[in-house]
Structure formats: C-alpha cells, structure tokens
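The values are calculated or read from the model by the stated rules, or taken from the named source; none is laboratory data. Bear in mind that the values here come from a model prediction, so they are computed numbers and not experimental data. Backbone-built Cβ (ideal geometry, glycine too); neighbour counts: all protein chains shown. When the accessible area is computed, the model is the full protein with side chains, heavy atoms only, and any ligands, DNA or RNA have been set aside. Shrake-Rupley method; radii C 1.70, N 1.55, O 1.52, S 1.80 Å.
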Amino acid sequence: MITDSRSVDPTRTTLAAAVALSEDAIAAEPVEGRVHRHWRLAGGRLVRVPRMSHLGLSPRRNLIYAARAFRRMAPSGAVPRLHGMLRVSPDLPWGALVVDDVDGAVPILPTDLPAIGRALAAIHRLPVPTRRAPFVDPADPLTYLLTVARRQLAPVQDRLEGDARRILDDEMGWAEGLIAQAPPRPAPSLVAADTHPGNFRILPDGAAVLLDVERPVYDSAAVDLAHASLPSSLAWDPAVRGGAERADIVAFHGAWAAEVPADLAAAVRPWVLPYRRLIWLRTTSWACAWAATNDLSAALASADAATSGLARRLARFVDPAMMEEARSGWIGDRAFSGEELIP
C-alpha cells in the first residue's frame, strides 16, 4: 500500500479549476471516505480523490488502473459511469476520477443481498479478454492469496498468541495443503475484489450498484462471492444495518447463480468454499496484523469516531469466538457445501 506525504486533499477552488466549473457548482464540503475524499458536482457527478494505492502503485499508475477498471466494468451496468480523469499534478498529487454520483440507499441486510448477487453476476459474466493488463492476473491465484496473508502476518508473527494464533496456523496449514495438491487454476473472471455490502448502493428500482471498483483482478468469481457474504464483510461498514443467517447466504449465492451462464456457475461451484476460506484468511490476517501493531485499547478510546469505529470492528474480527463462527461455514456439521451455495 502506498500513501503520499504531500497533501492529498484538494480545496474546492483547486477542483473548480480542474473540472472547469464555478465553485458554486461544487458541494461546499466533501464526503469523507477511508480511501477517497468525494466532492459532489452539479449535474449528478462525483469527483473521487484517492488517498492511497492498495496495490502499491504510484499515483499515476493507480489512477490509470482505476480508470480502466471503471471502463472495463461499464458494460455490466452495475458500476457508476466514468466521465473523466483529472491528471496527477501538484494540486492533485493522486489525481482524481469524475464518475456518476449514484443516488441510492445503503443496503439493508439481508433484504438487499440478492440484488448484490445479481450486480456481481453482471460483472462476472463479462467476456474475459486474452490481454488482461494492467489488472492483476496471477498465474497461481491460490498461492497469490496465501502470499498476501503471509506478508501481512510476517512482521507480527511473534506477537500473535493463544487461540487466534492457533486458528490462523490451522487455516494457513489448510491453504498450504491445498496448494501442494497443485490444483488447476480456477476459471478467471473480472472480479472487483472489494465487495463488502457497504460498497454498494441500492437504486429505487431495487438494483445494486458497486461504487468502488478501483482494484479489480482476474480470478475466480468466488473471490467476490466470499467477500460480499463472509461474517467479517457483513459487519464491516457501520452504515449497513442488519445481518444474514444461513438461508440468506444461500439465497445470495442462488441469486448470483441464476444470472450467470451455467458453465460459469459450474466452474465456480468447486471453488466457492475454498475461496471463502482464502478470502477470510486474507482479511483476518490483515486485521490481526493491525491489532498487533496498534494500541487497540487506545484506538477504542479515541475521540476520533473513524479511529474508534475501525478499532471496534477489527477487535471483533480478531476475537477467537468470531473467528470460529466464520470457520463454522467450512468446518463441522454446519459447514456449507458447494452444491448448497451454487445449485
């Protein structure tokens, strides 16, 4: 992940000059996000100003990657339209994208999970090109995901202990065993890779739109299915109300499967559970690394709502009881089957 020591927060005056509008055509205050700052424009458009690169890209490469992500997913109709790109400059050190300002509601769980499944299906059924650059396209996606988890845990391995350490060791051992079997590469789709419910908005007609699409990869569609429906994802965004029971998770996958070609559903079915474990491992290893390198008690007591809120969520993710609750989806008599999720 790359951040920039220079200011990444443009002023209203700076943006007015960049988009050739008067200041009156730009909202008085931005909408804050963890990775972006958003400025609403007159005419139903939004300026997305990045603060960092999750993929470790330079500002210019990060902007190009994001712009191509919006363009490549546009035929799905499930993402905002891209209207323009503001180049990297001293006033905009990470550049910016101008996209549709989606007038939708935050999802309510479990009611809106099927709509999210259908939106993902619209993306996953897009044709997969022979040339997939510049997007991440790992030749061995299973090893790629395990390597991410290892890299996140490496600096804090000696600080993890107790049940959390045991659980992570068990899951890492399972992943290593899976990879040792040298399975074939899962059939790749264009996947958004950041599909927790808070990243969607629900339109008046009930359709879901995915807002953040800046870091897609080519991998199994099971990546997005897992990231949208794991307990850690369902509880990630505090603006999302409600939860999901077993039947709701099944219905979400069923809504996706009903909207994709039969051969794609068949290709994903054997991977839907392994990817739930791998994506959980990737997410939970990050949470454990954060908790091990930060003063969790101080963060929980922080007067800054964003800091304390993040700490509360991550404290739950590294709670062994919640970790075991997630693992019950693939271990024990409550485990899902691939055929149950994708009939």
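Is it the case, given these coordinates, that VAL260 is in contact (Cβ under 8 Å) with a residue 60 or more places away in the chain, in a loop (DSSP other than H, G, I, E, B), touching a His at 6+ places or on another chain (Cβ under 8 Å) and open to solvent by less than 30 Å² (accessible area, probe 1.4 Å)? In short, yes. Taking the criterion of being among the hydroxyl-bearing types (Ser, Thr, Tyr) and loosely packed, with under 13 Cβ neighbours inside 10 Å, the only residue of the stretch 319-343 that qualifies is SER337. Look at ARG316 and say whether it is in contact (Cβ under 8 Å) with a residue 24 or more places away in the chain, open to solvent by 40 Å² or more (accessible area, probe 1.4 Å) and over 20 Å from GLN152 (Cα atoms). Judged against the criteria, ARG316 is not a match. Is one or more of the residues making up the stretch 205-228 over 20 Å from the mean Cα position of the chain (by Cα) and β-branched (Val, Ile, Thr)? There is no residue in the stretch 205-228 that is over 20 Å from the mean Cα position of the chain (by Cα) and β-branched (Val, Ile, Thr). Among the listed residues THR143, THR111, identify the single one that is modelled with pLDDT of 95 or more, within 30 Å of ALA289 (Cβ to Cβ) and either over 18 Å from the mean Cα position of the chain (by Cα) or open to solvent by 40 Å² or more (accessible area, probe 1.4 Å) (or both). When all the criteria are applied, what remains is THR143. Taking the stretch 160-209, which residues are under 30 Å from ALA292 (Cα atoms), crowded, with 17+ Cβ neighbours inside 10 Å and of a type in the set (D, E, K, R)? If the condition is that a residue be under 30 Å from ALA292 (Cα atoms), crowded, with 17+ Cβ neighbours inside 10 Å and of a type in the set (D, E, K, R), then GLU171, ASP194 are the ones that fit. Within the stretch 39-81, restricting attention to residues that are of a type in the set (Lys, Arg) and touching a helix residue (DSSP H, G or I) at 6+ places or on another chain (Cβ under 9 Å), the residue that is least open to solvent (accessible area, probe 1.4 Å) is ARG48. The listed residues are THR143, THR147, and the only one of them that is free of Cβ contacts under 8 Å to residues at least 24 places away in the same chain, within 18 Å of SER285 (Cα to Cα) and not hydrophobic (A, V, I, L, M, F, W, C) turns out to be THR147.
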